[in-house]
1. Could you check the range 152-177 and list, in sequence order, the residues that are surrounded by 15 or more Cβ atoms within 10 Å (Cβ to Cβ), assigned to a strand (DSSP E or B) and either out of contact with any Leu (no Cβ under 6 Å at 6 or more places or on another chain) or at positive phi (or both)?
2. Residues that are closer than 30 Å to residue 68 by Cβ, surrounded by 12 or more Cβ atoms within 10 Å (Cβ to Cβ) and among the charged types (D, E, K, R): does the range 178-197 have at least one?
3. Given 99, 104, 28, which one is closer than 24 Å to residue 158 by Cα and not basic (Lys, Arg)?
4. Within the set of pairs 6 or more residues apart or between chains, which connect a residue that is in the same structural domain as residue 50 (by TED's automatic domain parsing) inside the range 79-93 to a residue that is acidic (Asp, Glu) and exposed (fewer than 15 other Cβ atoms within 10 Å of the Cβ) with Cβ atoms less than 6 Å apart?
5. Taking only pairs six or more apart or across chains, which ones have beta-carbon atoms under 6 Å, a first residue in the range 179-197 that is without any contact (Cβ under 8 Å) to a residue 60 or more places away in the chain, and a second residue that is of a type in the set (A, V, I, L, M)?
6. Of these, 116, 144, 196, which one is within 17 Å of residue 94 (Cα to Cα), assigned to a strand (DSSP E or B) and at pLDDT 95 or above?
7. Of the residues that sit in the range 44-54 and are part of a loop (DSSP other than H, G, I, E, B) and under 18 Å from residue 105 (Cα atoms), which one is modelled with the lowest pLDDT?
8. State which residue is farthest from residue 152 (Cα to Cα) when the search covers only the range 36-78 and only residues that are free of Cβ contacts under 8 Å to residues at least 40 places away in the same chain and either touching a Pro at 6+ places or on another chain (Cβ under 6 Å) or of a type in the set (Gly, Ala, Ser) (or both).
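The values are calculated or read from the model by the stated rules, or taken from the named source; none is laboratory data. From a predicted model like this one, the values you see are computed outputs, not experimental measurements. Here the Cβ is made from the backbone with ideal geometry for all residues, glycine too, and neighbour counts use every protein chain on show.
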Amino acid sequence: HDPYNYYLPYNQESMIDNGSIQVHIPRGALYEDCYLQYQLTTDRSDNVYSSVHQLHFPTTPVHSYYDLAIRPVVLPESLRNKAFVALCEPNNEIVNCGGSWKDGLLHTQVRTFGDFCIMVDETPPTIQALNFKPDLRGVSRIDFTIRDNFDTGGTAQGLRFTATIDGHWVLMKYDAKNARLTHYFDGSITPGQHQFRLVLTDALDNETVFEQTFTR
């Protein structure tokens, strides 16, 4: 075996706790015994608020979720509610894996190995109106593209949305593959002027509102 830091038998639960990170892997969460390699590195990037924990390799499959908790290094109190456990993927993509605070650590559950740290998200998601215009007479549907700056995994919620017309809830169809929201007019809206409002919220409660009047 290559040099390793922890031996994790697949048929027993395993605990790792070095003060900076806690890992609890339930029995049966691994497919086979794992000779786990672990490295702690310092990342001085702007948005990294903990050490980076290189927890084995993302190529090693994990059968079910395990518990992961990270202690921040320097995290201002004002940013605590915007902090998340980040998975830094090999292609430099960042995945928001969620997180909740307990005993000074940010806890989540994940189903992959890889590089983890604490990051912060204060950026609201974006709403792009594709065909909305003041005069929607004769138009059967309205489409929007919605995006966020981080993908989500682990226990993190994806984008949440609520749409209303004149304060009444209306149905939006979500096509996740194309990041598209669509409302189909069903004929229930009377002719005249109306107010459309779409509220989009990300996993850390950053919010964007699109609000416009239109005529039917």
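1. Matches in the range 152-177: 152, 165, 170.
2. No: the range 178-197 contains no residue that is closer than 30 Å to residue 68 by Cβ, surrounded by 12 or more Cβ atoms within 10 Å (Cβ to Cβ) and among the charged types (D, E, K, R).
3. Unique residue meeting the criteria: 99.
4. Listed by first residue and then by second, the contacts come to 82/122.
5. As it stands, the answer is 179/146; 181/146; 181/172; 183/142; 183/170; 183/172; 194/165, since those pairs meet every condition given.
6. 116
7. 47
8. 78
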